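One structure is given below, encoded as structure tokens.
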Amino acid sequence: MRKRSTEIIQKIIKNSDRILTIKELAAEYQISQKTLRNDIKEINQFLNTIPMSGISITEKGELVKAKDFNESIVEKYLYEMDTYMYKLSTKERQIYIMMILTISRRHLTMQKFAEELYVSRITIVNDIEGIKDKFADYGAELMVDPGKGMFLKCSEKIKIEILTSLYREIAINIKNDGFFQRMIIDRMNIRYSFSDIFSYMQEYMQVCNMVFIEDVFYDIVLYLFVVFNFCKKDGRLIRNKKNLSGIEHMILYAGYMLNINVTQEMMEDFQNYLEKHKLYSFVKTVDEIELYKVIMHFVEAIDKEIHYGLLNDTKLMDSLLMHIMKMKDWGNYEVQLPDDYDGFINYEDLEELVNKNSFILERFLSYKLSENMKKSIVIHICVAIIRNRRYVQRLSVIIVCPGSMATGKYLEAQIKNYFDFNILGVLAVDEVLKQLEMKKVTVDFIISTVSIKTDQYPVIRVHPFLKMEDLNLIQKMTFQKQKVLSSPMKPTIKQLENMIQDVVDDRKLANLICEKITETVEEYQKTNSKKQKNALEGMLKKEFIQVCHNQMTWKEAMYKSAEPLEKKGYIEPRYIEKSIEHVEEYGDYIVVSEGVGLAHANKDFGVHQDCLSLLVSKDGIQFTEKENKVYLLFCFASIGDKDYLEILKAIVQLGKKQGNAKKISMLQTVDQIFESITCS
């Protein structure tokens, strides 16, 4: 089969829940319907070799699979095709020949390529004419000796450039669905997989709090994939690693994880590659707490207009933080929002709000968000709204994998990060239906990495590494399964009171029950608050708490909050100056909840020790944008060795209850203030 025919049958398998038509496929590939019908004939010839009945075409042009069409078996045979069954296009053939010539250390003949690819020698001769010019564009020379064959003459640096460009051209990814991609990987004897290197680099990004702009992260991983698999690894070892930047340390980290010694020559080539392609300017080191505050500021701006209490959803904040920090699925995947659902979420308005306020994230990240990035944020917010609706029971799902529980558990962890499902279990594909029948449990739908044939349960097929298209499918199914009520998010106790008012007909009795519930909850919280301490207790020292009775500007308050830390030598004056610059540049994102602010900057601006201080203002501090005053202004600094996100969350929590910050500021002694803010 040809490339297009292979892609079409893969589409038929992937879109098992809907019927494809000749018309839409012809439009997608920009070919005539007659040509498309010939492709279906080619597909049917392939299916007959399995053997299996072919794809039929109705009078309406719909593609219908036969009853004996087994997706798993068809996929298996697709993966086992060779170059005799799969006819490479001219472009694929030339890419393949260029790759083999680039890694070969001996002469190769045109006849060898002709026999391997099942084409005539004259076809290969024509391919070589075009290949010569392409190699020349890189500064490489294809030597042709009538007696020996062909040999590519180029430096190691040019070799890396050629292979990186070629792999980028075939769109190698974490999971390769195409025959040609799998053929390349098999033929090139890959020792270190792209997915492993990709995962290691994601870990490195998270540890170093690095954010890459556009597709630079993908380009760097691709470069490292080529270097570690195809280039020489002998030479001088690197001696001075301290002077290397964060982006340069990436090759060292990847080498360490792959148990490869990175040489000085490899490092110099990597630096030259970064410089040549101007990749240094596309990476930014982001402080996690600063980004978290900016995300809160962004979400707050949206929630001011839709009133869903989004700031109370820490899972939304955490998922957006992870999404941005790891650049997860912010590539070229087409994100589609449901357009046929008449629930309470107005997608157009929500998209408009995200567009309107995206500048808050953009000015901090230093790059423009693409349309797909913005749509993915809308997805996160929609999921948060669904997760927190009133009276909605959690959906029950089963996760299915081919057989490896490690894959299933990793998928489970990803799903938990985005959705609040009741996950009934992770099962292997060959036992899922039997287990469900035996246990007789209620399952709303199945999330699987492989095809499952069942009419009893809806099945969503996803990638092991969730992509935006997967999140979109899961979200769409969630919309269909849950009955939506158009009411804002409310605290749990309020939900309970509303349910009592709805169920109990006697108003007097209903009110009495609600009063008793409120009393019981308040008594419990009062009793336990003395026992349970939050993350601030171990970080904040009483000697670093200042109480101010005078009025002051926000800048004066910022300087004042940092004084105890400066006197102890924990931070330098430039640290708080940078914090003030951030407010001037990014706005009042420093105000993290009602009456509570947090001054913070990157560790690179004079931080010598982890520390936290608090300025309590009796009169309140007026910032630039917020109408409400700040009564508790914290100053926090970290050298970056520990994760202090829980500190930020504890500080935010102080302002969650209306009037709480002002109430704390009215306390008479430092001991009382300390006790009040360190109790959860």
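Here, each number is a calculation from the coordinates, and none is a lab measurement. Note that this is a predicted model, so its numbers are computed, not measured. FYI the Cβ positions are ideal-geometry reconstructions off the backbone, even for glycines, and counts take in every protein chain you see.
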* With a ≥ b ≥ c taken as the square roots of the eigenvalues of the C-alpha gyration tensor of the stretch 194-285, please select rounded if a/c is under 1.5 and otherwise prolate if a/b is larger than b/c or oblate if it is not? => rounded
* Asked: Where both residues lie in the stretch 396-481, what percent of DSSP beta bridges are antiparallel, nearest 5?
  -> 0 percent
* Would you pull out the residues with amide H under 5 Å of ILE621's amide H, same chain only if 5 or more places away, H placed 1.01 Å from N? => VAL630, TYR631
* Structure fact -> For the chain, the longest principal axis of the Cα atoms and the Cα long axis of helix 554-567 enclose an angle in degrees, to the nearest 10, of 90 degrees
* Take the Cβ-Cβ distance between THR442 and ASP145 as r, set R0 to 60 Å, and report the resulting FRET efficiency rounded to the nearest 0.05. => 0.25
* To do: Arrange MET257, MET266, MET205 by Cβ neighbour counts within 10 Å, fewest through most, would you?
  => MET257, MET205, MET266
* Relative contact order (%) - criterion: Cα under 8 Å, at least six apart; region: the chain -> 8 percent
* Structure fact -> Rounded to the nearest 10, the angle in degrees between the Cα long axis of helix 371-387 and the longest principal axis of the Cα atoms of the chain comes to 50 degrees
* To do: Note the angle between two axes, namely the Cα long axis of helix 3-14 and the longest principal axis of the Cα atoms of the chain, as a number of degrees from 0 to 90, rounded to the nearest 10.
  => 40 degrees
* Asked: Which value in deg cm²/dmol, rounded to the nearest 500, describes the helix-derived mean residue ellipticity at 222 nm for the chain, given -39,500 (n - 2.57) per DSSP H run of n ≥ 4 and division by the residue count?
  -> -16500 deg cm²/dmol
* Asked: What ranking do LEU365, LEU615, LEU427 get, fewest neighbouring Cβ atoms within 10 angstrom at the top?
  -> LEU365, LEU427, LEU615
* To do: Kindly put HIS277, HIS323 in sequence by how many other C-beta atoms sit within 10 Å of each C-beta, fewest to most.
  => HIS277, HIS323
* Relative contact order, percent, of the stretch 546-638 when contacts are C-alpha pairs under 8 Å separated by at least 6 residues? -> 38 percent
* Taking the Cβ of GLU577 as the center, what net charge do the other residues with Cβ under 12 Å away carry, scoring Lys and Arg +1 and Asp and Glu -1? -> -1
* Asked: With contacts defined as alpha carbon pairs under 8 Å and 6 or more residues apart, what's the relative contact order of the stretch 3-71 in percent?
  -> 30 percent
* To do: Please give the per residue volume of the convex hull enclosing the alpha carbon atoms of the chain, rounded to a whole number of Å³.
  => 199 Å³
